[in-house]
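A quick write-up on the structure given underneath.
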Amino acid sequence: MPGKDSPKLRDALISPKSPEYPELARVMGIGATIIIKVTVASDGSIKHIEFLRAHPLFTSAILEAVQNWHFDPKHPAVHDGRRTVFKLVFQLE
């Protein structure tokens, strides 16, 4: 188990593109909390995305945004195969 001072992968995220709110979900008044697990390659790119909790109207927007995320490959938390979980909340305002 990592200590409290261990570097966290989410601190290495340098280009977090936010997903677009799907138009159909907006029109229907649907919000969602999406939970994803990403696996990061040693170069900081996204290697794999796994949906732990999702609404089908949001998955395409999430994939499009998250596939473009990039982590700092020099950050001590980044190494091939490292995984972390992100919670993304979509709320109508």
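The values are calculated or read from the model by the stated rules, or taken from the named source; none is laboratory data. Keep in mind it's a predicted model, so treat the numbers as computed, not measured. Cβ atoms come from the backbone with ideal geometry, glycine included; neighbour counts cover every protein chain shown.
Is there any pair with a first residue in segment 75-93 that is within 16 Å of K37 (Cβ to Cβ) and a second that is modelled with pLDDT under 80 and not β-branched (V, I, T) whose Cβ atoms are under 9 Å apart and which are 6 or more apart or on different chains, and what are they?
Short answer, once both residue conditions are applied: A77/S6; A77/P7; V78/P7.
Within segment 33-65, count every residue that is touching a residue at least 40 places away in the same chain (Cβ under 8 Å), under 22 Å from H79 (Cα atoms) and among the polar types (S, T, N, Q).
Qualifying residue count, segment 33-65: 1.
Residue check: is V89 among the aliphatic types (A, V, I, L, M) and in contact with a helix residue (DSSP H, G or I) (Cβ under 8 Å, 6 or more places away or on another chain)?
Criteria not met by V89.
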